[in-house]
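Below you'll find the structure, written out as structure tokens, and then a few comments.
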Amino acid sequence: MDKIFSRALAPKIFVNREVLRPDYIPEQLPHREEQIKSLGMIVSVALQGERPSNLFIYGLTGTGKTAVVKYVLKRLSDKSLEFNRPVKWFYINTRIDNTSYRVFTRIGELSGLKLPFTGLSTAEVYKRVRDFLDSEKRIYIVVLDELDFLARNESDEVLYKLARINEDLTKAKVGIIGITNNIRFVENLDARVRSSLGEEEMVFPPYNAIQLEDILRERAKLAFKENSVSEEAIKICAALAAREHGDARRALDLLRIAGEIAEREQAEKVLEEHVYKAYDELEKERVIQLVSTLPFHSRIVLLSLLKMESEGVNVTTGELYMVYREISQKLGIDPVTQRRVSDIISELEALGILSARVVNRGRYGKTRILKITVNPSTLIEIFIQDPLIRDYVERELENLLTTELQDSYNTQTIDL
Ligand SMILES: Nc1ncnc2c1ncn2[C@@H]1O[C@H](COP(=O)(O)OP(=O)(O)O)[C@@H](O)[C@H]1O
Ligand SMILES: [Mg+2]
């Protein structure tokens, strides 16, 4: 025991692992200078007592949207205090406050309004919050992050009300910043809401491997002891994350977990091998999370694809449907239509569980060649927990997990 505790007290590698956590906002945000500047310009008018244009920001996860917005608004409100032009901003994550009621209650709470815990309708909460904000001459900026997690009817209500809030204010002015990972979110909005909230739009492009390396290097300086992360480890974290749409969060997670593994193994340094282990750990966690929540028919579609791939054939959508029907029948369930399976395939592709490459077959038209992109043995591990398909999987198990199939997945090391 003593040994374990002393080791924990004298970490070999980390000096501050907190700075690798997703909610840490560093002093520098390399490769986001342009976005910081544009956002700074948009919100700076608040210092002159003007309402900043409403803004939609989109970009894939881990492209620095939340970090940049918090970074800029923090500096804006500091500046505003310095010059006695108070600007207040509220950060609301709609993945957590996921109803219009909760969004308005949260704005109230953050602005210092006391609301009873229960008994108020959404409309009443909204009215009280609005009147409270209007009791002072002030600029407010409301950030609604991860809007894509808000159910459609809820986001309509929140955004509709906020888009019009200034019409009912006499002293205060409110600017809105909406952030989403999904560009289609904005396209699907009510046209009036879209035009009033989308006065400005910004896109955050994915980072490339070189940019991710810079981000990691800066952060590694704060998180680790000097010389305890190898240059290769940084490069591989960056390359692996770049391969997955340039997600900085992913890159930082990889580095953090690689560091933890290295420390657990009592290594002197974070090395390539620790990053690969971290990658497998994260990947397994991700797949388990994704697949465990998939609806039944999506699992059967995956199972069908797994079976066909293990037979070493190129799988097209049409052929997959045949096998899917066959397996459904064996399991004694009603198959869904080919149209629906085609939608399921697109959903699985969007989740990154399979890839669908469109190939042109001349006069036979276009088709999609399907491939599983996650570790097949993790999939089987999950399927075996599912009482409805366990028997089938156990019966077919040996045939399903061929070495070729596993190998085709395993070739993931990166040449630097
Ligand atoms: N340019 C950057 N420099 C340093 N860290 C960054 C940069 N961009 C993103 N990060 C970090 O990566 C993680 C994910 O960024 P985040 O802003 O949460 O992405 P998003 O909101 O687009 O999903 C956070 O820990 C953030 O601090
Ligand atoms: Mg974010």
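Could you please find all residues in segment 23-46 being away from ligand 2 (no atom under 16 Å from the Cβ) and modelled with pLDDT under 95?
27, 28
When only residues in segment 202-228 that are free of Cβ contacts under 8 Å to residues at least 60 places away in the same chain and of a type in the set (A, V, I, L, M, F, W, C) count, which is nearest to residue 262 (Cα to Cα)?
220
Anything in segment 387-416 that is over 14 Å from residue 306 (Cα atoms), at pLDDT 75 or above and buried (at least 16 other Cβ atoms within 10 Å of the Cβ)? List them, or say none.
The answer is none; no residue qualifies.
Looking at segment 352-385, which of its residues are within 17 Å of residue 295 (Cα to Cα) and buried (at least 17 other Cβ atoms within 10 Å of the Cβ)?
Result: 353, 354, 379, 380, 382, 383.
Give the number of residues within segment 182-231 that are at pLDDT 95 or above, in a helix (DSSP H, G or I) and buried (at least 17 other Cβ atoms within 10 Å of the Cβ).
Total satisfying the criteria: 9.
Quick check, is residue 122 buried (at least 17 other Cβ atoms within 10 Å of the Cβ), of a type in the set (S, T, N, Q) and more than 16 Å from ligand 1 (Cβ to nearest atom)?
When the stated conditions are applied, residue 122 passes them.
Can you work out which of the residues in segment 86-103 that are touching a residue at least 40 places away in the same chain (Cβ under 8 Å) and away from ligand 2 (no atom under 16 Å from the Cβ) is surrounded by the fewest Cβ atoms within 10 Å (Cβ to Cβ)?
86
When you scan segment 1-26, how many residues do you find that are in a helix (DSSP H, G or I) and exposed (fewer than 11 other Cβ atoms within 10 Å of the Cβ)?
Final tally of qualifying residues: 7.
Please go through segment 27-57 and give me each residue that is assigned to a loop (DSSP other than H, G, I, E, B) and either of a type in the set (Gly, Ala, Ser) or on the phi < 0 side of the Ramachandran plot (or both), ordered by number.
27, 28, 29, 30, 32, 49, 50, 51, 52, 53, 54
Could you list, in sequence order, all residues of segment 205-253 that are more than 9 Å from ligand 1 (Cβ to nearest atom) and among the small types (Gly, Ala, Ser)?
209, 220, 223, 228, 230, 233, 238, 239, 241, 242, 246
Based on this model, can you work out whether residue 69 counts as within 16 Å of ligand 1 (Cβ to nearest atom), under 21 Å from residue 47 (Cα atoms) and in contact (Cβ under 8 Å) with a residue 12 or more places away in the chain?
yes
Scan segment 15-34 and report the pairs whose first residue is over 10 Å from residue 252 (Cβ atoms) and whose second residue is outside any helix (DSSP H, G or I) and among the aromatic types (Phe, Trp, Tyr), with Cβ atoms within less than 8 Å and a gap of 6+ or a chain change.
That search, which allows pairs on different chains as well, returns 15/224; 18/24; 31/207; 32/204.
Residues 92, 139: which one is at pLDDT 95 or above, within 16 Å of ligand 1 (Cβ to nearest atom) and of a type outside the set (Lys, Arg)?
92
Go through segment 232-259 residue by residue and tally those that are in a helix (DSSP H, G or I), of a type outside the set (Lys, Arg) and out of contact with any strand residue (DSSP E or B) (no Cβ under 8 Å at 6 or more places or on another chain).
Residues in segment 232-259 being in a helix (DSSP H, G or I), of a type outside the set (Lys, Arg) and out of contact with any strand residue (DSSP E or B) (no Cβ under 8 Å at 6 or more places or on another chain): 15 in total.
If you scan segment 38-66, which residues turn out to be β-branched (Val, Ile, Thr) and either within 16 Å of ligand 1 (Cβ to nearest atom) or outside the structural domain of residue 193 (by TED's automatic domain parsing) (or both)?
Within segment 38-66, 57, 61, 63, 66 qualify.
Name the one entry in 294, 306, 302, 290 that is under 21 Å from the mean Cα position of the chain (by Cα) and either under 27 Å from residue 221 (Cβ atoms) or in a helix (DSSP H, G or I) (or both).
From the options 294, 306, 302, 290, the qualifying one is 290.
I'm checking my understanding of the structure. Among residues of segment 153-176 that are outside any loop (DSSP other than H, G, I, E, B) and among the hydroxyl-bearing types (Ser, Thr, Tyr), which one is nearest to ligand 2 (Cβ to nearest atom)?
Result: 155.
What's the number of the only condition in (1) touching a Lys or Arg at 6+ places or on another chain (Cβ under 9 Å); (2) away from ligand 2 (no atom under 16 Å from the Cβ) that residue 179 fails to meet?
(2)
Scanning for something at pLDDT below 95, under 30 Å from residue 278 (Cα atoms) and crowded, with 19+ Cβ neighbours inside 10 Å, does segment 314-324 turn up at least one residue?
Scanning segment 314-324, I find no residue that is at pLDDT below 95, under 30 Å from residue 278 (Cα atoms) and crowded, with 19+ Cβ neighbours inside 10 Å, so the answer is no.
The values are calculated or read from the model by the stated rules, or taken from the named source; none is laboratory data. Since we're looking at a predicted model, the values are computed, not measured. Methodologically, a virtual Cβ is constructed for each residue, glycine included, from the backbone with ideal geometry; neighbour enumeration extends over all protein chains shown.
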